[in-house]
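Taking it in order: structure first as structure tokens, then the write-up.
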Amino acid sequence: MTRQYDIILFGATGFTGALVVKYIAAHAKSESISWAIAGRDTQKLKEIQEGLQSQPDIVIADVKDKDSLDKMAASCKVLMNTVGPFNWYGKDVVKACIDHHTHYLDITGEPSFVADVYNSYFQEALEKKSCIVNCCGFDSIPADFAAWLTAKKLPKDEPKSLKGYVRTNATFSGGTLTTAIQALHMEVQKTSIKTKIKRHKDAPKIPLKIHYNKDILGWGLPMPVVDPHIVKRSAFRLPDDYGVAVSYGQFFVRSSFGKVVKTILPIASAMFLVRFKSFRKKMFDKFKPGTGPSEARRAESKFEVICFGKSTTSEAKTVFSGGDPGYNETSKMFAQSAFTILDKIKSETINYGVLTPVEALGMDLVVRLKKEGMHID
């Protein structure tokens, strides 16, 4: 694959995109990559470009201009996309990559978009030899890899249950909150797209309810996020690693029941209020894309994902943890995912289709992330 650039980062002027730019710039020389940043605002891109230790080229592209998307996709091996909400803006970018045999990564956490891309494009991506990977950040690399590594430690021929527990003290950007509001509105309006993954008759049942877990010394709340979809797809697609009778449930950890209540009430209120256009507009105005937690606040943030696995005769546990999950560590996971894809292009070991992070990146990414200071045990 001969292209002008190894990587183009689309959405470089957004809050998360700008952090990804800095991470790639710090590693571009050691990775020996040619790269560019892309967006619709030349001046903002130039401002992002200034002061970087490895200055990328600038590519002008707009989600509303199909020709610009085609031109951008055709000029790189790997397109990294941070332009959200992906339910609004993502699908045409994916299609442009598939049309031009380009590999695609994003950091979406939107279940409907992820299901739509998988349902719509798996076969086409396979035929056109494109590797399409959603959820290459905090959604859903820690959960996907923690579940996979845990399952690999259990007997393949035994039914197994995997429970993921997510603990974090992080705050979120305007873009993330805007995306969450939009996704919640789709769910309430019953317009979200789903992917049905058949459950094996012998797979253990995991009650998705609030409960106290003495192993984590905290309360677990079921999480209506994209991670379970990704983990279940990995399990379905990789029976040699997981076995066939696998269940997965994911929970958000709160240290006290009082905090459980404080978490549930705003979500319940939002699920009602999001039906009203005036509420959605108020939230979109308040949490504007491009805003987010300060560097000092991110430095205080951390996360931990623990997966407990249990089969008929065995138990296993994986801990995946790091610093600020939504931005600093997402930038790291996202960029290292792209570097891993480039490695796989060179070694001719890349897989095609619409894949989960585990399917596409495997142990190569684990090795890279450990070298970058993330704890995966």
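The values are calculated or read from the model by the stated rules, or taken from the named source; none is laboratory data. Just so it is clear, the model here is predicted, and its values are computed rather than measured. Reconstructed Cβ throughout: ideal geometry from the backbone, glycine too, with neighbour counts over all protein chains shown.
Given the residues ALA25, ALA18, ALA36, which is the only one that is without any contact (Cβ under 8 Å) to a residue 60 or more places away in the chain, of a type outside the set (Asp, Glu) and closer than 27 Å to LYS129 by Cα?
Result of the check over ALA25, ALA18, ALA36: ALA36.
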Apart from one, (1) in contact with a strand residue (DSSP E or B) (Cβ under 8 Å, 6 or more places away or on another chain); (2) free of Cβ contacts under 8 Å to residues at least 40 places away in the same chain all hold for THR13; the odd one out is (2)
Note to self: Criterion first (buried (at least 22 other Cβ atoms within 10 Å of the Cβ), among the small types (Gly, Ala, Ser) and more than 21 Å from the chain's Cα centre (by Cα)) does ALA61 satisfy it?
What the structure shows: yes
Pairs returned, first residue in the range 134-156 that is in the same structural domain as PRO222 (by TED's automatic domain parsing) and among the basic types (Lys, Arg), second residue that is at pLDDT 95 or above and in a helix (DSSP H, G or I), beta-carbon separation under 6 angstrom, 6 or more apart or interchain, are LYS152/ASP241
(1) out of contact with any Pro (no Cβ under 8 Å at 6 or more places or on another chain); (2) closer than 23 Å to ASN328 by Cα; (3) of a type outside the set (D, E, K, R); (4) not in a loop (DSSP other than H, G, I, E, B) all hold for SER68 apart from (2)
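Would you confirm, using the coordinates I've provided, whether VAL188 is in the same structural domain as LYS281 (by TED's automatic domain parsing) and modelled with pLDDT of 95 or more?
In short, no.
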Within the range 213-260, residues of a type in the set (S, T, N, Q), farther than 20 Å from VAL358 by Cα and either touching a Leu at 6+ places or on another chain (Cβ under 6 Å) or surrounded by 14 or more Cβ atoms within 10 Å (Cβ to Cβ) (or both) come out as ASN213
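Hey, among GLY164, GLY174, which residue is under 28 Å from ASP324 (Cα atoms), at pLDDT below 80 and within 19 Å of the chain's Cα centre (by Cα)?
Values: GLY164 fails: at pLDDT below 80.
Within the list GLY164, GLY174, the selection yields GLY174.
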Checked the range 109-137 for anything touching a strand residue (DSSP E or B) at 6+ places or on another chain (Cβ under 7 Å) and either of a type in the set (Asp, Glu) or closer than 18 Å to SER337 by Cβ (or both); matches are VAL117, TYR118, ALA125, SER130, CYS131, ILE132, VAL133, ASN134, CYS136
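Would you mind finding the one in LYS332, LYS371 that is closer than 24 Å to THR150 by Cβ, in contact with a Phe, Trp or Tyr (Cβ under 7 Å, 6 or more places away or on another chain), of a type outside the set (A, V, I, L, M) and assigned by TED's automatic domain parsing to the domain that holds LEU9?
On the way: LYS371 fails: in contact with a Phe, Trp or Tyr (Cβ under 7 Å, 6 or more places away or on another chain).
Answer to the check: LYS332.
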Checking VAL20, VAL59 in turn, the sole residue that is under 25 Å from HIS101 (Cα atoms) and part of a helix (DSSP H, G or I) turns out to be VAL20
Restricting the range 1-17 to residues that are part of a strand (DSSP E or B) and of a type outside the set (Phe, Trp, Tyr), the one surrounded by the most Cβ atoms within 10 Å (Cβ to Cβ) turns out to be LEU9
Sole miss for ALA96 among (1) within 22 Å of THR195 (Cα to Cα); (2) assigned to a helix (DSSP H, G or I) is condition (1)
